[in-house]
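Presented below is the structure to which this report refers.
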């Protein structure tokens, strides 16, 4: 019996270790290349995982030639702004849908639901034309450029429905007590209800952040200035800058990945606890 | 409950989100449809109503069929793998064995990392003298142009999408597996059912709705593929990796043929809406409390 169980767990471990290694391998190979000096042929047969001519020179080189810090700050501004607006707009809109009766509620509900069915990719051209018309582009100035990067993703049906669910779960007595104490509806919302939906706000913040951080299509459409590049756009641009210098491309890619890996490890319970599934989707 | 809010309050709460959705969703939505009936091909500053001309051009364009074929390949290759393999992994991971958290983190890692970095990492694996060709050579197989040979490029790109999606769908399955009653497994153990019997008779029937959900959402994302293509192949060689979204992007932002691009976008819209509608009506009713 004991032996049977060990054997059973062994094959599970073998499969899971194999899959884990396959998940990791493209990064390991990139990391290995980024640490190889010019004294080592990166196309050597057989390939070596552990660099023989170990060096950090590629990292220093790419750091000096490319303003990765600037890309990082740009990504932070865009992701931060997107998260903030999503939290505010989604909770504002989720509240009346959960708690109030008003004319046109059904219409509002289904209009928001309809947005889930339409992919951004299908409407991106008019979104771009409108963004141009509103002068929300980096060729006007940086601030407007950031606003243009953020606004199309400032609210999502996913966020609104998430917040609506959260408000539905709060007992009505909470509001009634606050009203009797003399609060108006906005005070009830800010002082009583918002603190109670913090867990949902956290989920919304984290998944919006990840989505915004990885966004590539929209910034590559609207951005014109290199100084405005977000990390994904900047990293893709490394390919053009260093054409076949894979040591630099690899080093730049690895650097760009560090912040999101730290974020992921710090917030891992939100991703792998299995409670918030279906939340993230690009 | 007594009504404690004024008549205008609900509208005020909805207003900010409403304005954003109006400007960046509803107007563009109708504009896409409108533009698809306009002819821009001669002058991008001037257009005129052209009826179905863009659509007729599309269905007479061989590239359109290539693009649809590539999308179909995505659906018949990536979707089944993304439906079945993550389920298998989730079942393995959903037990009390050592190192579960580490496995979950490692398998989820590709989901978190930017698709651009993932695509660059794979481009490097796929290099002409890269490590994958080395492995082929070890087995006495000639090197192939993973991304440069029109015969193979689409499969190489699909592999990246699969690799990046496995962890995501595995977590969806894990959440669903938590709801399968443990007694059913115990009953199976008493009956002496093996691993596969047990999961075929208990797990799969129980999480059928989740399997269907994963099918629809992985299909929808397969139709929205863009970044992998942009970073690795730009749709080439010979349009062999061109997807619907890449095609729209190219027509709209490189060829500036706004009408044609919009008609293509409407085609994407219709296909995705059908899948989404099935999704919402059949599998996500609870989420939206319809």
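Rule-based calculations on the coordinates, nothing more; no lab input. Predicted model only: the values in this text are computed from it and were never measured. Here Cβ is always computed from backbone atoms with ideal geometry, including for glycine, and neighbour counts include all displayed protein chains.
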Translational D (Stokes-Einstein, µm²/s) of the stretch B:210-270 at 4 °C and 1.567 mPa s when Rh comes from the Kirkwood sum over C-alpha pairs?
105 µm²/s
Chain B - Rg and Dmax from Cα coordinates, angstrom:
23.7, 79
Shape call for the stretch A:70-230, from the Cα gyration tensor axes a ≥ b ≥ c (a/c under 1.5 means rounded, otherwise prolate when a/b beats b/c, else oblate), comes out prolate
Points 7 angstrom from Cα along the Cβ direction at residue B:196 and residue B:4: gap in nanometres?
6.1 nm
How far is the Cα center of the stretch B:136-151 from the Cα center of the stretch B:210-253, in Å?
24 Å
Expressed as a whole-number percentage, the relative contact order of chain B with C-alpha contacts under 8 angstrom and at least six residues apart is 28 percent
Computed over chain A: longest principal axis from alpha-carbon atoms vs helix A:198-214 long axis, angle to nearest 10 degrees, is 40 degrees
May I ask you to derive the relative contact order of chain A, considering only C-alpha pairs under 8 Å and at least 6 residues apart, and to give it as an integer percent?
29 percent
Taking R0 as 41 Å, what's the FRET efficiency between residue B:187 and residue A:17 from their Cβ-Cβ distance, rounded to 0.05?
0.85
Potential extension, residue B:134-residue B:84 segment - 0.36 nm per residue separation minus Cα distance
15.0 nm
Rounded FRET efficiency, nearest 0.05, which uses the C-beta distance separating residue B:47 from residue B:12 and R0 of 35 Å:
0.35
In nm, to one decimal, how far is the residue B:208 label point from the residue A:49 one, both placed 7 Å along Cα→Cβ?
4.4 nm
Length-normalised contact order of the stretch A:70-230 in % [C-alpha pairs under 8 Å, at least 6 apart]:
45 percent
Highest to lowest packing among A:58-70, B:252-264, B:165-177, scored as the average C-beta count within 10 Å
B:165-177, B:252-264, A:58-70
Roughly speaking, what % of Cα-Cα pairs in the protein assembly as shown are separated by over 41 Å, rounded to a whole number?
28 percent
How far, in degrees from 0 to 90, does helix A:2-34 lean away from the longest principal axis of the Cα atoms of chain A, to the nearest 10?
80 degrees
Chain B: most fluctuating residue of B:112, B:225, B:135 per GNM, C-alpha cutoff 10 Å:
B:135
Between the alpha-carbon centers of the stretch B:172-205 and the stretch A:95-140, tell me the distance in whole angstrom.
42 Å
Please state the shape class of chain A: rounded when a/c is under 1.5, otherwise prolate if a/b exceeds b/c and oblate if not, all from the C-alpha gyration tensor.
oblate
Rounded to the nearest 0.05, FRET efficiency between residue A:107 and residue A:73 (Cβ-Cβ, R0 45 Å) equals 0.65
Does anyone have the angle between helix A:231-241 and the longest principal axis of chain A? Alpha-carbon axes, 0 to 90°, nearest 10?
30 degrees
